Amino acid sequence: DPETLLKYGVVKVKLPSQAEFDCEKWATELSQISPLNIAGYGDNEDAFYRNIMDEPDFPFELFLSSEIGEVISKYFLQQHEQQKQSSCEEKDQSSTCCADEEKKEDQPSDVKECLRLDDAFCIHYNTEQDDTTCAKHMDPSDITVNMCLEKSDDVTGSEVKFYGTQSLQHIKKADENLNKGAGQGEDFSFLVNQEQGYATIHYGCHPHETIPLKRGRRTNIVLTYCYKDESKSGVALRTCYATS
């Protein structure tokens, strides 16, 4: 439910049209072994990973100019001052990365003027791999855009599991009691299904993991963005990206 995800601090948005961005074409091309990554990929033990920062033809500039950029500007960009202050400390998964909902702030500048692309990579999961998970972690980014380019019809598992909730601008946060978890003091968590042709957008400091793929395959591209003005970024305030 998109409305529920908004209250939890996650937004799903449709990728640019096929005329602008051919998901299947890029999924096929980028999930192949290249001369740059062949040395680290040969045993099929882990999920396929390929850094794409140096891909000359990949349309990186397209995404911040699309609905993805509009969503970042509306729900995420205006909160950077509070994100810097809170920095989503690991000890308090219920803390927010953003400003008080009632606090009024100036409209943000152009999202492309505020953010820089820090990293970009393709990750591909299939059942021939021994390990199709990604352990619980936070990203070294202020904002992460996780785009699902290809997903077979028979996929079972491989959802992204988020821990705790974050607040987004213009959205009433989910009930704080959710963060207390249930039973033996466990953190509140929720699953986000990866849909082909859609991006999942979240704060980099929102703890998450990928659960095992039981059947099928999927290919995603992850773009991590940081504020150009380092004084507005929460990344440097995080001393550890892995979480227990």
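Every read-out reported here was derived from the displayed coordinates using simple, explicitly stated rules and does not represent laboratory data. All values reported here derive from a predicted model rather than from experimental measurement. We place every Cβ from the backbone using ideal geometry, glycine too, and count neighbours over all the protein chains shown.
Shown is the FRET efficiency for Asp229 and Leu62, computed with R0 = 30 Å from the Cβ-Cβ distance and rounded to the nearest 0.05: 0.80. So what's the net charge close to Ser141: Lys and Arg +1, Asp and Glu -1, counting the other residues with Cβ under 12 Å from its Cβ? Once positives and negatives cancel, what remains is -2. Stretched out straight at 0.36 nm per residue, the stretch from Asn193 to Asp130 would grow longer than its current Cα-Cα span by 20.5 nm. Between amide H atoms placed 1.01 Å from N, distances below 5 Å from Ser189 occur with Gly164, all of them 5 or more places distant or on a separate chain. A Förster distance of 25 Å, applied to the separation of the beta-carbon atoms of Thr4 and Glu29, puts the FRET efficiency at 0.15. Annotation: amide H-H contacts under 5 Å for Tyr198 (H modelled 1.01 Å from N, sequence separation of 5 or more, or interchain): Leu15, Cys148. In this structure, Lys172 and Arg238 have a Cβ-Cβ separation that, at R0 = 45 Å, corresponds to a calculated FRET efficiency of about 0.95.
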